[in-house]
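The values are calculated or read from the model by the stated rules, or taken from the named source; none is laboratory data. Just so it is clear, the model here is predicted, and its values are computed rather than measured. Cβ placement follows ideal geometry from the backbone for every residue including glycine, while neighbour counts extend to all protein chains displayed.
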Amino acid sequence: MNRDFSSKHILVIGDIMLDRYIHGSITRKSPEADVPIILQDSIENKLGGAANVALNIQSLSGKASLLSVIGDDHVGHEIQSLLDLNTEFISTHIIKEAGRISTSKTRLIADNQHVARIDNESTTDISTKSIELLLTALTDCIQKESIDLVILQDYNKGVLTTDSIKKILAYAKKHNIPVAVDPKNKNFLNYHSCTIFKPNLTELKNAFPTANIELDNPKNLLSLIQENLNPEISIVTLGEKGLLIADRTENLHVYGLSSEKIDVCGAGDAVIAAISLAYTLKWSLMEMAKFANSIGFLSCLRVGVNPVKIQDYDLELPSLNYDIKAQKI
């Protein structure tokens, strides 16, 4: 099985955010309220959201470009500074929208445990002008660079809108470029006829609140996606229970791997990056599913959002002696 992703170039479009980590240790309870006091050791800023997907592609030895809209504010400047430091991206096309709040997630990590998160964000759609600039940047990127696949990473923070989604899908189809989608609730049903569609179980339940969404009928979960969105490949991630995956001829359940140490931050980003790279090399459905499931699991073993390296897959997973099980459904 060919696993050389180095020639594959993926364009990631979606919401970028700043992941800030305040590390420390719990020393005592506060006399002001029944809450712990965290003695701060350090503050760390990282690229999150769509940028983390691009970083996962790089870590798995692929090539990545990034297209997004952020605010012209302090957090936006922090994001831009981190992007400027990351010279491994093939290209970044970042549009700054005046008056917009850039998304940040501040995680409190005490004694190597994630104990709380503080969010600051805007969820309103980007402006008409920003949509025009985003589509112009998309055209420029595809014309100048050899793009093997586009990932639409949607966190419902406003970068991907009804209008921009429709035009991006149409443009990619015109140029025969496959599109993988990691959706959220707001735009869930706007991604009709994409190549890969990957919600998690909660997102699927929110999208079809009256449907019978139970794990004792896994084929029904995949059928909901296939009948309503008609992607080439449907995926439902199930957390510790693994994932369901189907194309137009086969349905599979790849079972999850378990560990006492689990942090799900960034696991979905790792899965969409892995499945997209595997797709570009034309792996079988079973091969893609097992690889993506393994990369997602390794991501959960890391505290916070940390991309999984291809070396981790080669060395760390075998050392854990896990047997990845799957069956047709």
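Brief remarks on what is shown
- Residue match in the stretch 111-133 (condition: of a type in the set (A, V, I, L, M, F, W, C) and closer than 26 Å to residue 280 by Cα): no
- Residue list for the stretch 91-100, restricted to those being crowded, with 19+ Cβ neighbours inside 10 Å and aliphatic (A, V, I, L, M): 95
- The condition of being modelled with pLDDT under 95, part of a strand (DSSP E or B) and either surrounded by fewer than 19 Cβ atoms within 10 Å (Cβ to Cβ) or not hydroxyl-bearing (Ser, Thr, Tyr) (or both) holds for only one of 204, 244, 222, that being 244.
- Some residue of the stretch 129-143 being exposed (fewer than 14 other Cβ atoms within 10 Å of the Cβ), in contact with a strand residue (DSSP E or B) (Cβ under 6 Å, 6 or more places away or on another chain) and in contact (Cβ under 8 Å) with a residue 24 or more places away in the chain: no
- Close pairs (6 angstrom Cβ cut-off, 6 or more residues apart or separate chains): surrounded by fewer than 24 Cβ atoms within 10 Å (Cβ to Cβ) in the stretch 295-309, aliphatic (A, V, I, L, M) and at pLDDT below 70 anywhere: 300/262; 300/264
- Yes/no for residue 87 being over 19 Å from the mean Cα position of the chain (by Cα) and over 18 Å from residue 58 (Cα atoms): no
- Residue in the stretch 110-126 that is among the hydroxyl-bearing types (Ser, Thr, Tyr), over 18 Å from the mean Cα position of the chain (by Cα) and part of a helix (DSSP H, G or I) present: no
- Scanning the stretch 55-86 for residues that are within 21 Å of residue 131 (Cβ to Cβ), crowded, with 24+ Cβ neighbours inside 10 Å and not β-branched (Val, Ile, Thr) returns 66, 67, 68.
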